[in-house]
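Colleague: Below is one structure. I have some questions about it.
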Amino acid sequence: MKKRTLFSIAAALILVIATSAVLVGCSGTYTQDALADSPGADAAVASNGGMAVMVGDWLYFINGYAGQDAANEFGEVVKGAIMRVKYGQDGNPDLSTVQTVVAKNVYNTTATSSLVVENGYIYFTTPNDESDSDGNAKTSEMVLMRATLDGSKVETIAEFSDYTATYRVSDNFVVYRNSSSELRLIDLNSKRFTDTLIDEGVSSITLAPYSDGANSMEDVVFYTKSSDNAYDTHNIVYAYKAGGGVKAVINGRDSYPSESLPHAGGYRITLVGVRFEGEGVRLQYTKTDSGTNTKSTGVYSYYFDAALNFDSASEVRYTVGTTYTSLWYLDADNILAVDSDSVDYIFASDSAATGWEVRRNVIQVSSATIVDATMTAEASGEVELGIYYINSSSVYRLAVTVNKSDPADLNYDSVELVFDSAYSSDWLTLDLVGNIVYFFNSDVLNNIYYVNLGEVNPRNANSRIAKRLGTFSAEDIVEMLESVDEEEGSPQT
């Protein structure tokens, strides 16, 4: 591209940036003109809790990764701001419809903390834009905020001393665990967002993914605590339903018949994840015991309905002696289980001692991350698996046929490279919405780009070239112009 063209683009964009915001702010609440054609509070939400969320006809997204110390004055932010776009007839974002919704720098350090849309509001975190008494920026402190979908009102919900808080948003509450191991509740119905203590000494917490549909259990949080007796080796799993009460749901010793315990000390439980299932949730966890052989080591799950009662006889054991870091449910009876060096296929089986049989090493790579997966069952007993997974910062599409009755019968139909753009993993990595992968492009100053996997031809590298989604900031335009000068060897601007 000619340098004159670059300067023309820069001038036009800077003019747009300088004239687009007309705002009023006071006491952590900001108001601005409402965007037209905005979705209502009852609009369908898909892919909630990532860098891009589909709400009605609009895709709301974070316009790049600006970092903790970037400029954050409301109304002037471009990079890191919340923007939105509509899809065109070709199924890709229509860049002519891009609009700024909230001109604040969206930032966090935890992958579970990104854009969340609930009940007509967008929830997000941003660095504190104030200074301390010595004039030092307080960007190491996190602020939780929300905005209406039309951007007309933006307000502060809570302030935190760091970015370690893990939270779950529901229609009426925010439940979070802070750096002091407290479980706390923010009442979104109260005028001042009242913050109350729920429990202390919380060891770990696991949160259900944001569902695309209503589920009466979506605001239940599971967490673990050690026994009150310091000499006990077991721990306890608790459940808290937002606005309700705390309940001990699995006691690692007392919830099981004493005669069935492999060791009198009971079990140590580590939470793995939560899955919506019907009107309830399935809690996934690993267990081990204090015995010499740790006979209980394995992966388990339990289905909880709204009563949150536990019966050890209904506990499901998936594996013996093997644990996994995450589970991807193809359906209730077929799972992809991820560990440090492989992805295994496990399935319900009448012949296995646990009721589940492991077909190991469907994917034999280290530190794989599943992006998406589907399964087609055949009458012959074979299953066809279609898996998108990340390995070494690239995304591959794997098609494999598994014969359930013959552990040696694996037919790898194809393994195709579908994504190899450079992306930032400082906070969020890749976000798949439908067939489109959104990411912060580390080759272009961590601005947001996308690749439509449905349009990728694995034999054509050009089909994998990423496209820009959002808006460049004036600072990034200048930096790109300077980099062009350096490459051409011309005087610096």
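The values are calculated or read from the model by the stated rules, or taken from the named source; none is laboratory data. From a predicted model like this one, the values you see are computed outputs, not experimental measurements. We place every Cβ from the backbone using ideal geometry, glycine too, and count neighbours over all the protein chains shown. All accessible areas refer to the heavy atoms of the entire protein, side chains included, with ligands and DNA or RNA removed. Shrake-Rupley method; radii C 1.70, N 1.55, O 1.52, S 1.80 Å.
Colleague: Roughly how many nanometres apart are two label points built 7 Å out from the Cα toward the Cβ at residue 133 and residue 292?
Modeller: Placing both labels 7 Å along Cα→Cβ, they lie 6.3 nm apart.
Colleague: Further, regarding this structure: Does the range 346-390 come out rounded, prolate or oblate, given a ≥ b ≥ c as the square roots of the eigenvalues of its C-alpha gyration tensor, rounded meaning a/c under 1.5 and, failing that, prolate meaning a/b above b/c?
Modeller: Since a/c reaches 1.5 but b/c is at least a/b, the shape of the range 346-390 is classed as oblate.
Colleague: OK, next. Mind jotting down the distance between the C-alpha centroids of the range 23-98 and the range 149-211, whole Å?
Modeller: 21
Colleague: May I ask you to give the percent of accessible area on the chain that is carbon plus sulfur, with a probe radius of 1.4 Å?
Modeller: Taking all protein chains in place, the chain shows 46 percent carbon and sulfur surface.
Colleague: Taking 0.36 nm per residue of separation and subtracting the Cα-Cα distance, what length does fully extending residue 380 through residue 349 add?
Modeller: 9.6 nm
Colleague: Let me ask something additional. Counting Lys +1, Arg +1, Asp -1, Glu -1, what net charge surrounds residue 370 among other residues with beta carbon under 13 Å of its beta carbon? Before the final figure, lay out each step's value.
Modeller: Values: positive: 397; negative: 339, 344, 372.
Net of charged neighbours comes to -2.
Colleague: Also, I was wondering about something else. Given the pairs 241/287; 153/191; 153/467; 138/225; 247/295, which span a C-alpha to C-alpha distance of over 22 angstrom in this model? It would help to have the intermediate numbers written out before the result.
Modeller: Numbers: 241/287 24 Å; 153/191 15 Å; 153/467 31 Å; 138/225 32 Å; 247/295 28 Å.
Beyond 22 Å between Cα atoms: 241/287; 153/467; 138/225; 247/295.
Colleague: Taking θ = phi - 60°, what integer Hz values does the Karplus form 6.51 cos²θ - 1.76 cosθ + 1.60 yield along the range 97-113, in sequence order, with x for Gly and Pro?
Modeller: In residue order, the calculated couplings are 9, 5, 9, 7, 9, 9, 8, 10, 7, 7, 8, 6, 10, 10, 5, 7, 10 Hz.
Colleague: Quick query: amide H of residue 296 versus all other amide H atoms, modeled in the peptide plane; which residues come in under 5 Å with a sequence gap of 5 or more or a different chain?
Modeller: The answer is 289.
Colleague: Helix 3-19 versus the longest principal axis of the chain: what angle, 0 to 90°, nearest 10, using Cα atoms?
Modeller: 80
Colleague: Could you work out how far apart the two model spin labels at residue 159 and residue 182 are, taking each label as a point 7 Å from the Cα in the direction of the beta carbon, and quote it in nm?
Modeller: With each label point 7 Å from Cα toward Cβ, the separation is 1.6 nm.
Colleague: Taking 0.36 nm per intervening residue step and subtracting the Cα-Cα distance, what contour gain separates residue 483 from residue 303 on full extension?
Modeller: Extra length available between residue 483 and residue 303 comes to 59.2 nm.
Colleague: Rounded to the nearest 10 Å², what accessible area does residue 207 have for a 1.4 Å probe in the complete protein model?
Modeller: Spelled out: residue 207, probe radius 1.4 Å, area about 40 Å².
Colleague: Determine how large the accessible area of residue 289 is when every protein chain is in place; take a 1.4 Å probe and give Å² rounded to the nearest 10.
Modeller: For residue 289, solvent-accessible area is about 10 Å².
Colleague: I've got another one for you. Rounded to the nearest whole Å², what accessible area per residue is found for the range 91-218 with the 1.4 Å probe?
Modeller: With all protein chains present, the range 91-218 gives 39 Å² per residue.
Colleague: Around residue 87, what is the net charge, scoring Lys/Arg as +1 and Asp/Glu as -1 over all other residues with Cβ under 10 Å from its Cβ?
Modeller: Details: positive: 86; negative: 57, 90, 94.
It works out to a net charge of -2.
Colleague: First check a/c for the range 254-381, with a ≥ b ≥ c the square roots of the eigenvalues of its C-alpha gyration tensor; if it is under 1.5, answer rounded, and if not, answer prolate when a/b is larger than b/c or oblate otherwise. Walk me through the intermediate numbers first.
Modeller: Values: a/c = 1.74, a/b = 1.37, b/c = 1.27.
Prolate, because a/c is 1.5 or more and a/b exceeds b/c.
Colleague: How big is the accessible area of residue 376 in square angstrom, nearest 10, if you roll a 1.4 angstrom probe over the protein chains?
Modeller: Taking all protein chains as shown, residue 376 has close to 70 Å².
Colleague: According to the square roots a ≥ b ≥ c of the eigenvalues of the Cα gyration tensor, what is the shape class of the range 172-252, taking rounded for a/c under 1.5, prolate for a/b larger than b/c otherwise, and oblate for the remainder?
Modeller: Taking the square roots of the gyration eigenvalues as a ≥ b ≥ c, the range 172-252 is oblate.
Colleague: Per residue, how much accessible area does the range 293-377 show when a 1.4 Å probe rolls over the protein heavy atoms, in square angstrom?
Modeller: Accessible surface, normalised per residue, equals 45 Å².
Colleague: Moving on. Compute the FRET efficiency between residue 393 and residue 461 as 1/(1 + (r/R0)^6), taking r as their Cβ-Cβ distance and R0 = 22 Å, and round to the nearest 0.05. List each step's numbers first, then the result.
Modeller: Working: r = 16 Å, r/R0 = 0.72.
The calculated FRET efficiency here is 0.85.
Colleague: Applying the Karplus parametrisation 6.51 cos²θ - 1.76 cosθ + 1.60 with θ = phi - 60° to the phi angles of the range 378-388, what ³J(HN,Hα) value in whole Hz is obtained for each residue in order, glycine and proline being reported as x?
Modeller: Result, rounded to whole Hz: 9, 4, 6, x, 7, 10, 9, 9, x, 10, 9.
Colleague: Moving on. Nearest 10 degrees is fine. How inclined is helix 474-488 to the longest principal axis of the chain, computing both from alpha carbons?
Modeller: 80
Colleague: Separate question: Scan (i) 0.96; (ii) 0.99; (iii) 1.02 for the value of Rg/Rh (Cα atoms, Kirkwood Rh) calculated from this model and give just the label.
Modeller: (ii)
Colleague: Here is a follow-up. Under a 5 Å amide H to amide H cut-off, with H placed in plane at 1.01 Å, what residues pair with residue 362 once short-range neighbours are removed?
Modeller: Sorted by chain and number, the residues that satisfy this are 343, 344, 345.
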